[in-house]
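Asks: If you scroll down you'll find the structure; I have some questions about it.
The values are calculated or read from the model by the stated rules, or taken from the named source; none is laboratory data. Computed from a predicted structure; not experimentally measured. Cβ coordinates were reconstructed from backbone atoms using ideal geometry, including for glycine residues, and neighbour counts include every protein chain displayed. When the accessible area is computed, the model is the full protein with side chains, heavy atoms only, and any ligands, DNA or RNA have been set aside. Shrake-Rupley method; radii C 1.70, N 1.55, O 1.52, S 1.80 Å.
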Amino acid sequence: MSQVTMTVNGKEMSGDAEGRTLLSQFLRDTLGLTGTHVGCDTSQCGACVVHVNGQPVKSCTMLAMEAEGADVATIEGQAAPDGTLNTIQQAFQDHHGLQCGFCTPGMVMSAAALLKENPKPSEAEIRDYLEGNICRCTGYHNIVKAILAASGQDVGSIAAE
Amino acid sequence: MYEFEFVKPGSVADAVTALGEEDAQVLGGGQTLIPTLKQRLASPGKLVSLAGIAEMQGVSTDDAGRICVGGGTVHADVAANAGGYPALAGLAGNIGDPAVRARGTIGGSLANNDPSACYPAAALASGASIVTNAREIAADDYFQGMFTTALDEGEIITEVKFPVPEAANYQKFEQPASRFALVGVFVAKYADGVRVAVTGASQEGVFRWRAAEAALSADFSADAVPEAPAADGMISDLHGTAAYRAHLVAVLTRRAVAACG
Amino acid sequence: MPKDHGIGASPKRREDIRFLTGAGNYTDDINVNGQAYVHFLRSDVAHGRINAVNTGAAAAMPGVVRIFTGADFEGVGGLPCGWCVTDRHGEPMQEPAHPVLAQGKVRHVGDPIAAVVAETAEQARDAAEAIEVDIEELPAVVDMKAALADGSTKVHDDLTSNLCYDWGFVEENKDAVEQAMQDAAHVTTLELVNNRLIANPMEPRVAIGDYNRATDESTLYTTSQNPHVIRLLMGAFVLGIPEHKLRVIAPDVGGGFGTKIFHYGEEAFCTFAAKAINRPVKWTASRSEAFMSDAHGRDHVTRIELALDKDNNFTAVRTETYANMGAYLSTFAPSVPTWLHGTLMAGNYKTPVVYVNVKAVFTNTVPVDAYRGAGRPEATFQLERVIDKAARELGVDPIALRRQNFITEFPYATPVAVEYDTGDYHGTMDALEKIADLSGFEARRKESEARGKLRGLGVNCYIEACGIAPSNLVGQLGARAGLYESATVRVNATGGLVVMTGSHSHGQGHETSFPQVIAEMIGIDESMVEIVHGDTANTPMGMGTYGSRSLAVGGSAMVRATEKIINKAKKIAAHLMEAAEADIELKDGQFSVAGTDKSVAWGDVTLAAYVPHNYPLEDIEPGLEETAFYDPANFTYPSGAYCCEVELDPETGKVTIERFSAADDFGNIVNPMIVDGQVHGGIGQGIGQALLEGCVYDENGQLLSASYMDYAMPRADDVPFYNVDHSSQTPCTHNPLGVKGCGEAGAIGSPPSVVNAVIDALQSGGHDVTHIDMPVSPGRVWAAMQG
């Protein structure tokens, strides 16, 4: 065991970790931030996506010690301190972009990374960017729509409002 | 995962020292190694992360005009910064998904030499040089079959140098589940001839399709691409038979040539 | 103008706030003080005799608390099967024992042999690797037809064969169907596979057992769609714990799709072990573990024949299906290929006679049970594929052939024992033709062809039986459970309501949609209604959520309980206003006396119920809380028509979905936004089945598609936006809301149109391909094109 320190959602946080402790385990079990989910063990489902130094990463495929000193952002830090949802979160609610909610934290974090890199993505660019985020509930329709809406694009013409 | 010690040296020299210990293993971006560890298919005593080695980061151009990629450079950085070799940047930008591209490194990919990975096709088709802490290895000598390379125990890929071709294109036909290449073909046209490297298809890992190279060196057009190679030795699995993969090799080669314009 | 509240409105989901901020409470988010962790040592061979399990070295490993093997469960019950099917000859199905930990034999890869409880999950796994297991490997039974051949290895030594049952339905129609086949002007035959799938909710299964020695109470936290069912099955049949000493909590659950209906051994183990070691025991499945321990779905091999007369009227349908049960009978497995499949073989059509034969087979594979649609996708796929093939053979338009044979008068008693109460199949097809822009297809096809691609269009209809189910009927059919639902409506003194429902929400949005119903009935704001579910300690005995039943059955129970509340409240209001009860009207949250201007507010009445100073205590009790159990009179019958347009790359065989349109009739709709979302998700899974997903075993019973590296889950770039319409509405006649259920429709209705479209594309390119089994992968398309 050794101590790992990182900045999580703007606050410096420390905890003990083994070499084999994954960042996802560290966030969930050590720091109690259970919004980051684990849905697979082959680095594909994306429920565990968080940002490390501004980049989206799969926290189940990164060791906690690799994040020593890093700036980590998780779903818990996305809303304003008073609880107001951010633009992406609000768009997901407005457009029913989630059902069971399990993949949602990863989806929101991936969407945030996308919009930072590409503020007005096309439908195809959104679908391509979400390759590493699996949702089993929504058939992706309302997720893609929510991200289009979050980027300020008109979604009124999309079928099946 | 089995327990292991984690170290993050700041220089290649320190990394080489750390790797000299028994049961020590290199950790690149971890995008293949960590899932492997989770399945308990590997049990290193020590993982030596290369992420802290500044000299292994980044994309540059050398005096010979080669695009030089540090061994610890992540796919996203190659996609963003290898504009001098658009086919290489494009390939890097379509490996895995954005989160994988933010962590996975070129050195890790080439050291692992997964038979369905993209980078080996680029390196082999470009006749790249694989630079290690000890030597420089020509791509033609480097790839030695599925998950097998010329690297010695504890040897680290510090840089990969890509001669920039006159024209090049990579066509990847994705396996629907893993999104690795079911077949991927990289075509690169140089002044002294055309090189065609195929990933995903062969039981021997990445390979050069010599018949296509000869034909395309004589006539660089999609119509010149030969009939599909023999299916013998091709991978056959639940995603595609050997015959299908062989067929795709020819289709994708034609498309790559056509895309070269 | 869409409504902004109550039934028919689309308020934003209230549950989203916690899910969007990381504040959900899923089972793995729960940690009980002092908990230990269990790791299951699972078989890596498909079939074998256990000679010895030596735990000595493992028990001495760091952190190990205790190791359990099959021997620890010898006196414990096995996992029960909730449905007994009677075969063609009147005999009950063969029903093997299903131990919590393997006894004597392992029967599939993943069958648990031993369980290590340790201080940490990694220590438990470390020690599990040190257990020495001596297994004599036996030949694996994988192929269903081979499993039924004389001399086949038996999965269960104590059964007479690998045949679970040979079911005929309707047996009395068998000769009439044979006669119709002989008399037919044309018979179309199709052999097909309904591919084995894995439900793959994104949240893997988790169980935490906790035991309180002081009170002798056990608590199980589990990822379940139906906590009461788990309490009953596990308490009564496995562990012998009376229900008042057993609490089952299913908190936020990350999707179910059927696979979290069933009672699993891991749940029983954690509950049992927590008592045995007097510590909480937690198990969290990895995805790899889920692939070999979650019940799988589908896996039918079918031959279907459709007979037509000279005018193209359907005259008979005959099917023969081999249905894979896997190695053991999962909770509701026997019902899926029979009563949830055979009864739907009339489809939307007035075929006079139908005969369905199903042979259910034991194999050395993971147990197979209900997955979204459960039996109905299998029925729909074969029927809608054979109709398409018939249309092509006869050279007639596939839509016209369907329309010609539609049932048009309701109620309609089918030859397969069910009675459709309402429907308008021409109406849904009309709606589909509008939204799918069929007239523009030829232009789109030409545009594709100009780019060297083939384009195909496929259509299908579907009918499903939902709102499961009338208890007395299913009891006759072999169900060992009732299928009612319950609700307790508790009105607080200040007028707010809490609804405690036996339904469970794991993505369906009950917390938002159920209050819409109550708000509509009373005329109050939805924010005054709270939904409680998922905990047997504070909800009435309920059967849970599956089979598109929550609103049709659970919602009906809630309506009945609310009606009782309103009736009692009217008595109180009558007293307060000194009027006759019969004259009291409730509108917009106000009780008024008909024909007068006297009124009293909802909140005044509820306050009076709890502060009964001025109150008819001689006639009614104080308080305002009512419970209702609702048992449906019939199934509900949602129906629809779907259209898929694909583009096919003839060089690679890759199929892309270009357009997908769905017109459904769900009867009345409470929340259109949620209904659309359910259809979208179902279509996504249906496209997954059609093009991508397939669970594959090799001949040794090894699972080849054992992770997301080989099991292709649909991703965002595999699907388009969907065009969904539910304007065609024929309300259900026998439940108070007139609702039919929408959860499974998309998964039932979409696969045939995808495959029909692929065949259409290939035929348009001159390829004489009449069928490709799902998943229609590029490699399979290319192989079919090679002839």
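Asks: Based on Cβ point charges of +1 for Lys and Arg and -1 for Asp and Glu, what charge dipole magnitude is obtained for the range B:112-261 about its Cα centre, in debye rounded to the nearest 20? Working shown, then result.
Replies: Working: 11 positive and 18 negative charges, 97 e Å.
Roughly 460 debye, rounded to the nearest 20.
Asks: Okay, next question. Sequence gap at least 6, Cα distance under 8 Å: using those rules, report the relative contact order of chain C to the nearest whole percent.
Replies: For chain C, the relative contact order is 15 percent.
Asks: Taking H placed 1.01 Å from N in the peptide plane, check which residues at least 5 places from C:Ile531 or on another chain put their amide H under 5 Å from its amide H.
Replies: Excluding prolines and chain starts, which carry no amide H, the hits are C:Val499.
Asks: Taking a point 7 angstrom from the Cα of C:Thr215 along the C-beta vector, which residues in the range C:237-260 have backbone N less than 16 Å away?
Replies: Counting backbone N atoms under 16 Å from the label point, the list is C:242-250.
Asks: Rounded if a/c is under 1.5, else prolate if a/b beats b/c, else oblate: with a ≥ b ≥ c from the C-alpha gyration tensor eigenvalues square-rooted, which is chain C? The partial results should precede the final answer.
Replies: Values: a/c = 1.75, a/b = 1.08, b/c = 1.62.
The shape class here is oblate.
Asks: Additional query: With a 1.4 Å probe and all protein chains left in place, how much of the accessible area of the protein assembly as shown comes from carbon and sulfur atoms, in whole percent?
Replies: Looking at the protein assembly as shown in its full context, I get 48 percent from C and S.
Asks: Would you calculate a helix-derived [θ] at 222 nm for chain C, using -39,500 (n - 2.57) for each DSSP H run of n ≥ 4 and dividing by the full residue count, to the nearest 500?
Replies: -7500 deg cm²/dmol
Asks: Can you give me the long-range amide H partners of C:Asp111? Hydrogens built in the peptide plane at 1.01 Å from N, cutoff under 5 Å, separation of 5 or more residues or another chain.
Replies: Residues meeting the criterion, in which the H sits 1.01 Å from N, are C:Ser43.
Asks: Turning to a different aspect of this structure: What nm value, rounded to one decimal, do you get for the distance between C:Val696 and C:Asp588 when each label is placed 7 Å out toward the C-beta?
Replies: Between C:Val696 and C:Asp588, the simple spin-label model gives 6.5 nm.
Asks: Using only the C-alpha atoms of the protein assembly as shown, find the volume of their convex hull and express it per residue in Å³.
Replies: 181 Å³
Asks: If you don't mind, another one. If you find the alpha carbon centre of the range B:143-187 and of the range C:316-349, how far apart are they in angstrom?
Replies: Measuring centre to centre over Cα atoms gives 48 Å.
Asks: Let me ask something additional. What does the average come to when, for each residue of peptide C:659-672, you count the partner chain Cβ atoms lying within 10 Å of its Cβ?
Replies: Mean inter-chain Cβ contacts per residue within 10 Å come to 1.
Asks: Could you let me know the centre-to-centre spacing of the range C:1-70 and the range A:36-93, using Cα atoms, in angstrom?
Replies: Taking the Cα centre of the range A:36-93 as reference, the centre of the range C:1-70 is 21 Å away.
Asks: Using the C-alpha atoms of the range C:498-550, what convex hull volume per residue, in cubic angstrom, is computed?
Replies: Here the figure is 77 Å³ per residue.
Asks: Using the Cα atoms of the range A:87-150 to build a convex hull, what is its mean projected area in square nanometres?
Replies: 3.5 nm²
Asks: Let me cross-check C:Asp157: its accessible surface, 1.4 Å probe, with only protein heavy atoms counted, in Å² to the nearest 10?
Replies: 80 Å²
Asks: So if we plug the beta-carbon distance of C:Asp4 and C:Lys310 into 1/(1 + (r/R0)^6) with R0 = 60 Å, what FRET efficiency do we get, rounded to 0.05?
Replies: Efficiency computed from Cβ-Cβ geometry: 0.60.
Asks: Round to the nearest 0.05 the FRET efficiency obtained for C:Glu409 and A:Thr5 when R0 = 45 Å and r is the Cβ-Cβ distance.
Replies: 0.05
Asks: How long, wide and thick is the range B:167-260, going by the Cα atoms along their three principal axes, in whole angstroms, largest first?
Replies: Largest to smallest, the principal-axis extents are 39, 24, 21 Å.
Asks: Output wanted: per-residue J couplings in Hz (rounded whole) for the range B:45-62, from phi through Karplus 6.51 cos²θ - 1.76 cosθ + 1.60, θ = phi - 60°, x for Gly and Pro.
Replies: With the stated coefficients, the range B:45-62 comes to x, 9, 9, 9, 6, 9, 5, x, 9, 4, 5, 9, 10, x, 10, 9, 10, 8 Hz.
Asks: Here's something else I'd like to know. How many partner chain Cβ atoms sit within 10 Å of a residue's Cβ in peptide A:87-96, on average, as a whole number?
Replies: The mean count of partner-chain Cβ atoms within 10 Å per residue comes to 4.
Asks: Let me ask something else about it. Give the Rg/Rh ratio for the range C:435-507, taking Rg as the radius of gyration of the Cα atoms and Rh as the Kirkwood radius, to two decimals.
Replies: Rounded to two decimals, Rg/Rh equals 1.36.
Asks: Could you work out [θ]222 nm for chain B from helices alone, using -39500 (n - 2.57) per DSSP H run of at least four and dividing by all its residues? Round to the nearest 500 deg cm²/dmol. Kindly include the intermediate steps, with their values, before the conclusion.
Replies: On the way: 10 runs with 79 residues, N = 261.
Using -39500 (n - 2.57) per qualifying helix, the result is -8000 deg cm²/dmol.
Asks: Considering only protein heavy atoms, what per residue accessible area in square angstrom results for the range B:167-260 with a 1.4 angstrom probe?
Replies: 35 Å²
Asks: Now for a separate question. If you take the beta carbon distance between C:Asn668 and B:Ala13 as r and set R0 to 60 Å, what does 1/(1 + (r/R0)^6) give as a FRET efficiency, to the nearest 0.05?
Replies: The pair C:Asn668/B:Ala13 has a calculated efficiency of 0.20.
Asks: Ordered by residue, what ³J(HN,Hα) values in Hz, to whole numbers, does the range C:25-41 give under the Karplus form 6.51 cos²θ - 1.76 cosθ + 1.60, where θ = phi - 60° and Gly and Pro are x?
Replies: Residue by residue, the range C:25-41 yields 10, 7, 4, 6, 6, 8, 10, 9, 3, x, 5, 9, 10, 10, 10, 8, 7 Hz.
Asks: What accessible area, in Å² to the nearest ten, does a 1.4 Å probe give for C:Leu148?
Replies: 60 Å²
Asks: Which is the longest part of chain B that has none of the GluC sites (Glu not before Pro) sitting in a DSSP loop with at most 16 other Cβ atoms within 10 Å?
Replies: The reported range is B:23-152.
Asks: Taking only DSSP H segments of four or more residues, each worth -39500 (n - 2.57), what value at 222 nm results for chain A once the sum is divided by all its residues, to the nearest 500 deg cm²/dmol? Mind dumping the intermediate values first?
Replies: Values: 4 runs with 39 residues, N = 161.
One gets -7000 deg cm²/dmol as the mean residue ellipticity at 222 nm.
Asks: Something else about it: C:Thr120's amide H: which non-local residues (gap 5+, or another chain) put their own amide H closer than 5 Å, with H modeled 1.01 Å from N in plane and none for Pro or chain starts?
Replies: Sorted by chain and number, the residues that satisfy this are C:Tyr37.
Asks: C:Ala537 versus C:Glu171, label points 7 Å from Cα toward the beta carbon: distance in nm?
Replies: Output for this residue pair reads 4.9 nm.
Asks: Now, a different point. Summing both sides, how much accessible area is buried between A and C? Use a 1.4 Å probe and give Å² to the nearest 100. List each step's numbers first, then the result.
Replies: Values: alone 8270 and 28190 Å², together 32030 Å².
Rounded to the nearest hundred, the buried surface is 4400 Å².
Asks: Same structure again: Against the longest principal axis of chain A, how steep is helix A:104-117, in degrees 0 to 90 to the nearest 10, with axes from Cα atoms?
Replies: So the inclination is approximately 80 degrees.
Asks: Past the 24 Å Cα-Cα mark, which pairs from B:Lys161/B:Lys189; A:Lys116/A:Lys145; A:Lys58/C:Lys12; C:Lys350/C:Lys740; C:Lys3/C:Lys740; A:Lys145/C:Lys260? Show your work: numbers first, answer last.
Replies: Details: B:Lys161/B:Lys189 17 Å; A:Lys116/A:Lys145 17 Å; A:Lys58/C:Lys12 30 Å; C:Lys350/C:Lys740 21 Å; C:Lys3/C:Lys740 20 Å; A:Lys145/C:Lys260 29 Å.
Correct reply: A:Lys58/C:Lys12; A:Lys145/C:Lys260.
Asks: Now for a separate question. Size of the dipole of the range B:5-162 about the Cα centre, Lys and Arg at +1 and Asp and Glu at -1 on the beta carbon, nothing else charged, in debye to 20?
Replies: 560 debye
Asks: Order of B:83-89, C:371-377 by packing, highest average Cβ count within 10 Å first?
Replies: Listed from highest to lowest mean packing, they are C:371-377, B:83-89.
Asks: Got a sec? Which residues in the range B:107-130 would a label at B:Thr61 touch, if it sits 7 Å along Cα→Cβ and we count backbone N under 14 Å?
Replies: Under cut-off, by backbone N: nothing.
Asks: Something else: Throw me the Rg/Rh for the range C:172-312, computed over C-alpha atoms with Kirkwood Rh, two decimals. All intermediate terms of the calculation are to be shown ahead of the outcome.
Replies: Working: Rg = 23.1 Å, Rh = 18.1 Å.
Rg/Rh: 1.27.
Asks: What number does the range C:562-701 give for Rg over Rh if you use C-alpha atoms and the Kirkwood radius?
Replies: Here Rg/Rh amounts to 1.32.
Asks: A further question follows. So, in Å, what gap is there between the alpha-carbon centers of the range C:134-170 and the range B:10-70?
Replies: That distance is 51 Å.
Asks: Just to be sure I understand the model, the point goes 7 Å from the Cα along the line to the Cβ. What's the resulting C:Glu621 to B:Ala218 distance in nm?
Replies: Computed distance between label sites C:Glu621 and B:Ala218 equals 9.7 nm.
Asks: Separate question: Excluding same-chain residues fewer than 8 positions from C:Lys275, which lysines have a Cα within less than 21 Å of its Cα?
Replies: Output for C:Lys275: C:Lys245.
Asks: If a helix is a whole DSSP H run, which ones in chain B reach 18 Å or further along their own axis (Cα) and hold a mean Kyte-Doolittle hydropathy of at least 0.0?
Replies: In chain B, the long hydrophobic H runs are B:242-260.
Asks: What are the semi-axes of the equivalent ellipsoid for the range B:29-153, taken as the square roots of 5 times the Cα gyration tensor eigenvalues, largest first, in whole Å?
Replies: 22, 17, 15
Asks: Can you give me the three principal axis dimensions of chain B from its C-alpha atoms, in Å, biggest first?
Replies: 55, 46, 30
Asks: Could you work out the percent of alpha carbon pairs in the range C:371-457 separated by over 21 Å, rounded to a whole number?
Replies: Result for the distance tail: 50 percent.
Asks: Could you work out the relative contact order of chain B? I mean the mean sequence separation of Cα pairs under 8 Å and 6+ apart, divided by the number of residues, in percent.
Replies: 15 percent
Asks: A follow-up question, please. Positive end of the dipole of chain C, charges at C-beta (+1 Lys, Arg; -1 Asp, Glu), about the Cα centre: which of C:Ala609, C:Leu239, C:Ile674 has its Cα farthest in that direction?
Replies: Toward the positive end, the furthest listed residue is C:Leu239.
Asks: So which trypsin sites (Lys or Arg not before Pro) in the range B:3-102 end up in coil per DSSP with only 13 or fewer other C-beta atoms within 10 Å?
Replies: Of the trypsin sites (Lys or Arg not before Pro), the ones in loops of the range B:3-102 whose Cβ has at most 13 other Cβ atoms within 10 Å are B:Arg40.
Asks: So, one more: Can you work out the Karplus-derived ³J(HN,Hα) for every residue in the range C:461-470? Use 6.51 cos²θ - 1.76 cosθ + 1.60 with θ = phi - 60°, whole Hz, and x for glycine or proline.
Replies: Result, rounded to whole Hz: 10, 8, 9, 9, 10, 10, x, 6, 6, x.
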